[in-house]
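Reviewing the structure listed below.
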Amino acid sequence: MPRNPVQFQKGMSDADFDRLYGTESQCRDALFGWRWPEGFICPVCGASKHSAIGTRALYQCSACRTQTSLIAGTIFHSTKLPLKTWFRAIYHMTQSKGGISSLELARRLGVTQNTAWKISHKLMQVMHEREGNKKLTGRVEMDDAYIGGKRKGKRGRGSAGKVPFVEAVETTDDGKPHRMKLFPVPGFTSQAISQTASELLTGECRVFTDGLHCFTAITDQGFTHIPLLTSGNKPVQDSTFKWVNTVLGNVKCALVGTYRAISAKHVPRYLSSFAYRFNRRFSLPDMFARLAYVALRTPPMPYRLLKLAEDGA
């Protein structure tokens, strides 16, 4: 049986990382190139002529005299950590399929668990905001799912303490998974599904779901809904739902195996981080630079907002 080229790609090794970003100066040079590909641009007046204030690591615009730093106004804003520490965190969070817990990240970075938590959640916020701009089109498999809750007691729909979310997988014409979205919902109601469809889908979508009644609201947004009535274990075995069930199993295994337990209010970030890696799985080595590039274009997220629930933020 031939190997899956996506699954067995090399990715970025530790040696590659140390060669490219092993020093603080290499990290600064890389960030400068990603933030200002055409050279320095003043954030106030847009002028390019500037001077560097080496003792304070600042750049001063020659036109308006505004001083700015390389990380001002980005997700790295006001950090006291070396850029090399941030780069190493990005490396671990992009090159591991199932993510990495804050405790394990703390051990690898040599920082406290609380610091590692802040780093990981800021980077997951970058993934979350980036994924929010992407929508699915064409053939889409969709299903309802839950995460969290008590290990004992009622399972599935109606169980206490679980966070409901919609999983949608876009497939190619030859039946291969292309992209996916994981979207928390307040509940599986017609109103919630109608709103979710407008957030997740675009273009001429053909959405395949099981017989759950709330999914009929997909047509409210002008998309084609194809319900398939199933019972028992047939949804898992049915080829129509092959990829939505396969991906859902991978998500739950990764979340439970890596994090063990997660706070319900932070579920959107965890789900988005998994979707971010899945949707960029075709080029594992490039994922590092892509996340760093987007992080420079994501506004600051202070700790007081980071620890709030998604709705509160």
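The values are calculated or read from the model by the stated rules, or taken from the named source; none is laboratory data. Keep in mind that what you see is a predicted model, and the values were worked out from it rather than measured. Backbone-built Cβ (ideal geometry, glycine too); neighbour counts: all protein chains shown. Quick note on the areas: whole protein, heavy atoms, side chains included, nothing else; ligands and nucleic acids left out. Shrake-Rupley method; radii C 1.70, N 1.55, O 1.52, S 1.80 Å.
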At q = 0.11, 0.12, 0.16, 0.24 Å⁻¹, the log10 of I(q)/I(0) for region 209-292 from a Debye sum over equal Cα scatterers comes to -0.47, -0.56, -0.91, -1.13
Let me know the shape class of region 255-311, please: from the alpha-carbon gyration tensor, a ≥ b ≥ c as square roots of the eigenvalues, rounded when a/c is under 1.5, otherwise prolate if a/b is greater than b/c, or oblate. oblate
How much net charge surrounds MET301 when only other residues with a Cβ under 11 Å from its Cβ are counted (Lys, Arg +1; Asp, Glu -1)? +4
So, R0 is 22 Å and r is the distance between the beta-carbons of ASP220 and ALA264; what FRET efficiency does that work out to, to 0.05? 0.20
Kindly state, to the nearest 0.05, the FRET efficiency for LYS176 paired with THR202, given R0 = 22 Å and r defined as their beta-carbon distance. 0.65
In this structure, the FRET efficiency calculated for PHE8 and VAL44 from their beta-carbon separation, with R0 = 45 Å, to the nearest 0.05, is 0.40
Taking the chain and dividing mean pair separation by its residue count, relative contact order in percent (alpha carbons under 8 Å, at least six apart): 22 percent
For ASP16, solvent-accessible area (1.4 Å; no DNA, RNA or ligand), Å²: 50 Å²
Cα gyration tensor shape of region 20-67, rounded if a/c is under 1.5, else prolate or oblate by comparing a/b with b/c: oblate
Go ahead and estimate [θ] at 222 nm for the chain from helices alone: -39,500 (n - 2.57) per DSSP H run with n ≥ 4, summed, over the residue count, rounded to 500. -12000 deg cm²/dmol
Arranged from highest to lowest average of other beta-carbon atoms within 10 Å per residue, in what order do the peptides 31-37, 264-270 appear? 264-270, 31-37
Heavy-atom SASA rank of TRP86, TRP243 (probe 1.4 Å, accessible area, largest first): TRP243, TRP86
What does a probe at LEU58 reach in region 1-45, counting residues whose amide N is under 15 Å from the point 7 Å along Cα→Cβ? 43-44
May I ask you to compute the full-extension gain from ARG108 to LEU305, defined as 0.36 nm times their residue separation minus their alpha-carbon distance, rounded to one decimal in nm? 68.3 nm
Cross-link pairs beyond the 21 Å C-alpha cut-off, checked among LYS134/LYS162; LYS10/LYS118; LYS80/LYS134; LYS135/LYS176; LYS80/LYS265: LYS134/LYS162; LYS10/LYS118; LYS80/LYS134; LYS80/LYS265
Below 15 Å, Cα to Cα, which aspartates and glutamates can LYS122 reach? Residues fewer than 8 away in the same chain don't count. GLU131, GLU310
Rounded, prolate or oblate: which fits region 168-313 when a ≥ b ≥ c are the square roots of the eigenvalues of the alpha-carbon gyration tensor, with rounded for a/c under 1.5 and prolate only if a/b beats b/c? prolate
Per residue of region 127-134, what does 6.51 cos²θ - 1.76 cosθ + 1.60 with θ = phi - 60° give for ³J(HN,Hα)? Whole Hz please, x for Gly and Pro, Karplus curve as stated. 4, 4, 5, 5, 5, x, 8, 9
Give the Debye-formula value of log10 I(q)/I(0) at each listed q (0.09, 0.13, 0.16 Å⁻¹), with one equal scatterer per alpha carbon of the chain, two decimals each. -0.53, -1.01, -1.35
Counting only protein heavy atoms and leaving out ligands, DNA and RNA, the solvent-accessible surface of TYR59 at a 1.4 Å probe, in Å² to the nearest 10, equals 30 Å²
